[in-house]
């Protein structure tokens, strides 16, 4: 990992050296990519993997890839759906403090997570955060929600914002700056996202969202660039300095995250929040740095939950 490109991720990983490896149920790691990711994270002390899936298949993948998994607990499950259910059960029992997606479909894992009686639901809406390492920006930037909530309501966005604030606070920033994005920085009754942005900011003023400093609506340029904010004459403690970018809907967030990845050479670690435990959603296309950063972020969030069990769920 070249320090120049991945320094922000390396800083997150370095912080995990001060905490014990977090027990993590790795769900159906039945290909080299997912199994290697878990092993590498374990070797760096980020997590203590519990491999959940078909024992023979996992052993065969490990042997073919030259991975030593003898030291790791293995919970046998016959197929991907059973693997997801077994991993969720480990989290409910307190044996796993986070989940990590292996070679199963995200829908299979999340179906087990959201089951009403046997899943990992809380009072919070489940949402996803991309933790972006953008070379041109001097800080990690969070984009939410670009992977779970397709057309979130205002009520959903309260949870989405609070989940992101709790995450950034767990990463060590006491009062994250939250930009509620739209196509413009003025409230326009014809653009619903600007109305919702204004409502979210007022809700934060009234204590319905806590721990962060909100402003919006803000356009992307004046949310992340101080120069653009000054040109527009926006007086705000958030404009140009946002740590969290809250997008209007999944399409906008997905396009923003992928634009940064493919046109600005950014990396995008990912984590799902709002359940009883953080969930690492990795992709086979993820770089090693991105996979490890996702594990580090989840581990730091799990540590914060240990210190305050209501963190991220109440």
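The values are calculated or read from the model by the stated rules, or taken from the named source; none is laboratory data. Treat the numbers as computed from the prediction; the structure is a model and nothing was measured. Positions of Cβ are generated from backbone atoms using ideal geometry, with glycine treated the same way; all protein chains shown enter the neighbour counts.
Just a few scattered comments:
- Restricted to the stretch 106-145, and to residues there that are under 13 Å from the mean Cα position of the chain (by Cα) and in a loop (DSSP other than H, G, I, E, B), the residue that is surrounded by the fewest Cβ atoms within 10 Å (Cβ to Cβ) is 140.
- Condition met for residue 158 (in the same structural domain as residue 221 (by TED's automatic domain parsing) and in contact with a helix residue (DSSP H, G or I) (Cβ under 9 Å, 6 or more places away or on another chain)): yes
- In the condition set (1) assigned to a helix (DSSP H, G or I); (2) in contact with a helix residue (DSSP H, G or I) (Cβ under 9 Å, 6 or more places away or on another chain), residue 234 is compliant with all but (1).
- Only one of the listed residues (161, 148) is closer than 14 Å to residue 273 by Cβ and assigned to a helix (DSSP H, G or I). That residue is 161.
- Among (1) modelled with pLDDT of 95 or more; (2) buried (at least 19 other Cβ atoms within 10 Å of the Cβ); (3) part of a loop (DSSP other than H, G, I, E, B) - the single one residue 103 does not satisfy: (1)
- Residue list for the stretch 246-278, filter: part of a strand (DSSP E or B) and in contact with a helix residue (DSSP H, G or I) (Cβ under 7 Å, 6 or more places away or on another chain): 246, 267, 268, 269, 270, 271, 273
- For the stretch 229-287, a residue qualifies if it is without any contact (Cβ under 8 Å) to a residue 40 or more places away in the chain and crowded, with 22+ Cβ neighbours inside 10 Å, and exactly one does: 229.
- Across the stretch 73-88, a minimum of one residue is classified as in a loop (DSSP other than H, G, I, E, B) and in contact with a helix residue (DSSP H, G or I) (Cβ under 9 Å, 6 or more places away or on another chain).
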